[in-house]
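One structure, as structure tokens, below. Some questions next.
The values are calculated or read from the model by the stated rules, or taken from the named source; none is laboratory data. Fair warning: this is a prediction, and the values are worked out from it, not measured in the lab. Here the Cβ positions follow ideal geometry from the backbone for every residue, glycine too, while neighbour counts run over all protein chains shown. The area values use the complete protein model at the heavy-atom level, side chains included, leaving out ligands, DNA and RNA. Shrake-Rupley method; radii C 1.70, N 1.55, O 1.52, S 1.80 Å.
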Amino acid sequence: MKRLFLILASALFVAGASAQVVETPVKGKTGIRLYDKSVRRTEIILPEIKGYNAYKADFHVHTIYSDGEVTPRERIREAWYDGLDIIAITDHLEIRTYEKFMLKALAPYNKDGKPYTYANAGAGNKKDKDAPMLSNLNAGYEEALHIIAKEEIPIMAVRGTEIWRNPRTTGEYNAIFLKDINAICHKDLFECFRRVKEQGGFIIHNHPGWRRKTMDKSEDQVRAYGEKWVDAIEVVNGTTLYPQMIDRCVNENLTITASTDVHRPSSQVWARDCGIFRTHTIIFAKEKTEKAIKDALLKRRTIGYSANNLIGEEVWLKEFLNSAVDCKVVAENEKKGHRAFQLTNTCSIPFLLRRGGTVYVLKPFQSLRVNFGKDKNSGKYRKPVFTVDNMWTVGDKHPQFTIEIDK
């Protein structure tokens, strides 16, 4: 388990981070608007790869419908302002902390003045253990859809939930692309999984190292993986990276994801104006539809993003780098035996390019110039080969790539 620290943090600030906003006052019927207080969306510009669009998704967030601190409608608004395209509100199946407070608030409306009975997932009531939850677990998702339609927010909401069990022995899992959250409730974890798959759902193993002393699979996890119920792993949770899980994803054909697991307002965790975006999964898909996004996830076309670090399989990291960076020969000196490359970053994420003991910081939407000499043995000019220090791949290592020269 590793914490993703900000590498060369001073270099990661975007040029406009401290810019002042000046607006022309607008006169209305009864007053003068000095400033448009609606928050601007942070546009995260990413490259297209092999004809696929890059969509930003957070598949792990909580609201007051479980143990989060904001409403589903605010989760939708902040996700849009944070630059996301897709969000799954994954309130806990079993933990409904704030629901208890809601029930107390509703107590005066009951004839006896007492709160409604609080029920855990699968517990139903005392007479019938298989009775469904008293709560409507789809309510948060339905509220999200309502605000999307009402305010015309162009973001996709995915129906999901977090299935919580003992983190030391079983772990927690997000089930997304569900049709009915209520219908998957059961005290037995594996029956929950079976019902998720019955609905065509997709299961992500969340924060696999949380509260655990080992990253090895527990007995329950051996069964869950063995039954092919697990489709993906949350390789990054918040800003915590689990490097061993990159290897597991590659070795077992599982999808790499990264999520916030945010409970508080996202603005308290990530500051949009300093060049560090909230943790999310970059998905390469043809279009922003549930079918296309799910297909991309199943085919593992993803990269995890956290604190300007990119985590994924080498094939996608390489495509991302070469699609984002333009590389041109701008000078050549045969006498001195070197030529100069101009590297231009066309996306919102910086790249830390290391060659030997030197690290070049290629900032978003900026260029830098790097000289390369000739190979002593072949006499040919060396290619622009770098180790990308803010990329992580199999073996807990930073990959080395040749940046393609534009013709």
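Looking only at segment 127-183, which residues are open to solvent by 20 Å² or more (accessible area, probe 1.4 Å), touching a helix residue (DSSP H, G or I) at 6+ places or on another chain (Cβ under 7 Å), modelled with pLDDT of 90 or more and over 19 Å from VAL61 (Cβ atoms)?
ALA183
Sort through GLU74, GLU78 and tell me the only one that's modelled with pLDDT of 80 or more, open to solvent by 40 Å² or more (accessible area, probe 1.4 Å), among the acidic types (Asp, Glu) and outside any loop (DSSP other than H, G, I, E, B). Let's see the steps before the verdict.
Numbers: GLU78 fails: open to solvent by 40 Å² or more (accessible area, probe 1.4 Å).
The match here is GLU74.
Let me ask another. Restrict the check to segment 205-212 and report whether at least one residue is in contact with a helix residue (DSSP H, G or I) (Cβ under 7 Å, 6 or more places away or on another chain) and open to solvent by less than 10 Å² (accessible area, probe 1.4 Å).
Taking segment 205-212 first, the residues in contact with a helix residue (DSSP H, G or I) (Cβ under 7 Å, 6 or more places away or on another chain) are 208.
Checking the rest, the ones that are also open to solvent by less than 10 Å² (accessible area, probe 1.4 Å) come to 208.
The answer is yes; a qualifying residue exists.
Looking at segment 279-298, I want the residues that are farther than 9 Å from TYR55 by Cα and have a partner that is open to solvent by 70 Å² or more (accessible area, probe 1.4 Å) and at pLDDT 95 or above with Cβ atoms under 7 Å, at least 6 apart or on another chain. Which pairs are those?
ALA292/LYS286
Just to be sure, is VAL359 surrounded by 22 or more Cβ atoms within 10 Å (Cβ to Cβ) and at pLDDT 95 or above? Outline the logic, then answer.
On the way: surrounded by 22 or more Cβ atoms within 10 Å (Cβ to Cβ): no; at pLDDT 95 or above: yes.
So VAL359 does not fit the description; no.
A further question on this structure: Identify, from the list VAL39, VAL26, VAL61, the residue that is at pLDDT below 95, open to solvent by less than 90 Å² (accessible area, probe 1.4 Å), of a type in the set (A, V, I, L, M, F, W, C) and touching a helix residue (DSSP H, G or I) at 6+ places or on another chain (Cβ under 9 Å).
Numbers: VAL26 fails: touching a helix residue (DSSP H, G or I) at 6+ places or on another chain (Cβ under 9 Å); VAL61 fails: at pLDDT below 95.
After ruling out the rest, the residue left standing is VAL39.
Search segment 370-407 for residues being among the aliphatic types (A, V, I, L, M) and open to solvent by 40 Å² or more (accessible area, probe 1.4 Å), and hand back the single one that is nearest to ASN251 (Cα to Cα). Quick ask: steps written out before the conclusion?
So the first thing to find is which residues in segment 370-407 are among the aliphatic types (A, V, I, L, M), and the list is 370, 385, 388, 391, 394, 403, 405.
Next cut, open to solvent by 40 Å² or more (accessible area, probe 1.4 Å) only: 385, 394, 405.
Numbers: VAL385: 27, VAL394: 10, ILE405: 32 Å.
Among residues in segment 370-407 that are among the aliphatic types (A, V, I, L, M) and open to solvent by 40 Å² or more (accessible area, probe 1.4 Å), the one nearest to ASN251 (Cα to Cα) is VAL394.
Would you say ALA224 is in contact with a Lys or Arg (Cβ under 9 Å, 6 or more places away or on another chain) and modelled with pLDDT under 95?
Working: in contact with a Lys or Arg (Cβ under 9 Å, 6 or more places away or on another chain): yes; modelled with pLDDT under 95: no.
No; evaluated as a whole, the condition is false for this residue.
If you don't mind, there's one more thing I want to ask. Working carefully through the options ILE293, ILE282, find the one that is closer than 25 Å to VAL158 by Cβ and part of a helix (DSSP H, G or I).
Working: ILE282 fails: part of a helix (DSSP H, G or I).
Answer to the selection: ILE293.
Residue check: is VAL315 among the aliphatic types (A, V, I, L, M) and part of a helix (DSSP H, G or I)? Give the derivation first.
Details: among the aliphatic types (A, V, I, L, M): yes; part of a helix (DSSP H, G or I): yes.
Criteria met by VAL315.
Among (1) assigned to a helix (DSSP H, G or I); (2) touching a Gly at 6+ places or on another chain (Cβ under 6 Å), there is one condition ILE147 misses while meeting the rest; what is its number?
Of (1) assigned to a helix (DSSP H, G or I); (2) touching a Gly at 6+ places or on another chain (Cβ under 6 Å), only one is false for ILE147: (2).
OK, next. Collect the residues in segment 329-351 that are open to solvent by 30 Å² or more (accessible area, probe 1.4 Å) and either under 30 Å from LYS286 (Cβ atoms) or among the hydrophobic types (A, V, I, L, M, F, W, C) (or both), keeping them in residue-number order.
First, the residues of segment 329-351 that are open to solvent by 30 Å² or more (accessible area, probe 1.4 Å): 329-336, 338-339, 342, 344, 346.
Residues satisfying the conditions are VAL329, VAL330, ALA331, THR344, THR346.
Still on this model: Output the residue which, of all residues in segment 45-58 that are aliphatic (A, V, I, L, M) and open to solvent by less than 40 Å² (accessible area, probe 1.4 Å), is nearest to the chain's Cα centre (by Cα). Can you show your working first?
Taking segment 45-58 and keeping what is aliphatic (A, V, I, L, M), we get 45-46, 49, 54, 57.
The next check asks that each one be open to solvent by less than 40 Å² (accessible area, probe 1.4 Å); those that pass are 46, 49, 54, 57.
Working: LEU46: 14, ILE49: 18, ALA54: 12, ALA57: 5 Å.
My answer is ALA57.
Right, something else. Are there any pairs with C-beta distances below 6 angstrom linking a residue in segment 151-172 that is touching a residue at least 60 places away in the same chain (Cβ under 8 Å) to a residue that is among the charged types (D, E, K, R), with the two at least 6 apart or on different chains, and if so which?
Close Cβ pairs (under 6 Å, with a partner that is among the charged types (D, E, K, R)) amount to MET156/LYS288; GLU162/GLU172; TRP164/GLU94; TRP164/GLU172.
Do the conditions hold for SER367, that is, is it open to solvent by 50 Å² or more (accessible area, probe 1.4 Å), in contact (Cβ under 8 Å) with a residue 24 or more places away in the chain and on the phi < 0 side of the Ramachandran plot? Outline the logic, then answer.
Working: open to solvent by 50 Å² or more (accessible area, probe 1.4 Å): yes; in contact (Cβ under 8 Å) with a residue 24 or more places away in the chain: yes; on the phi < 0 side of the Ramachandran plot: yes.
Here the answer is yes, as SER367 does meet what is asked.
Filter segment 307-322 for residues that are more than 14 Å from ILE283 (Cα to Cα) and open to solvent by less than 10 Å² (accessible area, probe 1.4 Å) and give the result.
Once the filter is applied, which keeps residues that are more than 14 Å from ILE283 (Cα to Cα) and open to solvent by less than 10 Å² (accessible area, probe 1.4 Å), segment 307-322 yields ALA307, ASN308, ASN309, LEU321.
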